[in-house]
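Student: I'd like to ask some things about the structure below.
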Amino acid sequence: MPQATSDPPRCNPTFGMDLQSPKILSMSIPVEISQLELELRKFGFSAFLLTVREDATSHVAHMSFELVDDELRCAVSRTAAKNVQTQPKVVLLWPPFEVGGYSMILDATCVAEEEMLRITPVSGVLHRPAPAEEPNSGACESDCAPLGT
């Protein structure tokens, strides 16, 4: 619901949404996945896997992965396996491992094979919210960096 017009605009830095005017603000940049192994050594091999159900609601599962060639693999989650049959695009999210640090977000495709999910990263970003350049400007900024920086 929009705020009263006298209130300053607010920003949800997690999703980059200006609540005064519902539009997604640019929060990330596409990057190569060539630095994934390096980043996994920093962030660890456990992350949140986000999939989409048939009713267009999200499903989040905390999973442990292994990197095999250029794929991430994990034990099958029954719900995730069902979801990727109809919507193979997924997101992997590693929260920051330090206060004020970056999250790592990967867009990927996923297939379920027997007892395993095979996830192929498409793009990724290191992301953290950044303050607006001008106080009360309503702008929601971010501090994004390519993987490996």
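The values are calculated or read from the model by the stated rules, or taken from the named source; none is laboratory data. Bear in mind the structure is a predicted one, so any value in this text is a computation, not a measurement. Don't worry about glycine lacking a Cβ; one is built from the backbone with ideal geometry, like all the others, and counts go over all protein chains shown.
Student: Count, please, the residues in the range 29-72 that happen to be part of a helix (DSSP H, G or I) and in contact (Cβ under 8 Å) with a residue 40 or more places away in the chain. Step through it out loud before you land on a result.
Tutor: The first filter runs over the range 29-72 and keeps only residues part of a helix (DSSP H, G or I), leaving 36-43.
Still in the list and also in contact (Cβ under 8 Å) with a residue 40 or more places away in the chain: 36, 38-39, 42-43.
Number of matching residues: 5.
Student: All but one of (1) closer than 19 Å to residue 58 by Cβ; (2) in contact (Cβ under 8 Å) with a residue 60 or more places away in the chain hold for residue 95; which doesn't?
Tutor: (2)
Student: Related question: Being at pLDDT below 70, over 18 Å from residue 93 (Cα atoms) and either touching a strand residue (DSSP E or B) at 6+ places or on another chain (Cβ under 8 Å) or not in a loop (DSSP other than H, G, I, E, B) (or both) is the requirement here; does residue 2 meet it? Walk me through it before giving the result.
Tutor: Details: at pLDDT below 70: yes; over 18 Å from residue 93 (Cα atoms): yes; either touching a strand residue (DSSP E or B) at 6+ places or on another chain (Cβ under 8 Å) or not in a loop (DSSP other than H, G, I, E, B) (or both): no.
For residue 2, the condition - at pLDDT below 70, over 18 Å from residue 93 (Cα atoms) and either touching a strand residue (DSSP E or B) at 6+ places or on another chain (Cβ under 8 Å) or not in a loop (DSSP other than H, G, I, E, B) (or both) - is not met.
Student: Restricting to the range 65-118, and then to whatever is basic (Lys, Arg) and farther than 14 Å from residue 47 by Cβ, can you tell me which residue is surrounded by the most Cβ atoms within 10 Å (Cβ to Cβ)?
Tutor: 118
Student: A further question on this structure: So, in the range 46-88, of the ones that are among the β-branched types (Val, Ile, Thr) and in contact with a strand residue (DSSP E or B) (Cβ under 7 Å, 6 or more places away or on another chain), which residue ends up nearest to residue 106 (Cα to Cα)?
Tutor: Looking at the filtered set, the residue picked out is 51.
Student: If you don't mind, there's one more thing I want to ask. Pairs, please: C-beta under 9 Å, at least 6 apart or cross-chain, first residue on the phi > 0 side of the Ramachandran plot and in the range 115-144, second modelled with pLDDT under 85 and surrounded by 14 or more Cβ atoms within 10 Å (Cβ to Cβ)?
Tutor: Pairs that qualify, where the first residue is on the phi > 0 side of the Ramachandran plot and the partner is modelled with pLDDT under 85 and surrounded by 14 or more Cβ atoms within 10 Å (Cβ to Cβ), are 136/9; 138/9; 138/11; 138/18; 138/20; 138/132.
Student: Additional query: Does the range 42-62 include one or more residues that are at pLDDT below 90 and among the hydrophobic types (A, V, I, L, M, F, W, C)? Quick ask: steps written out before the conclusion?
Tutor: Going residue by residue through the range 42-62, those that are at pLDDT below 90 are 42.
Checking which are among the hydrophobic types (A, V, I, L, M, F, W, C) leaves us with none.
No, every residue in the range 42-62 fails to be at pLDDT below 90 and among the hydrophobic types (A, V, I, L, M, F, W, C).
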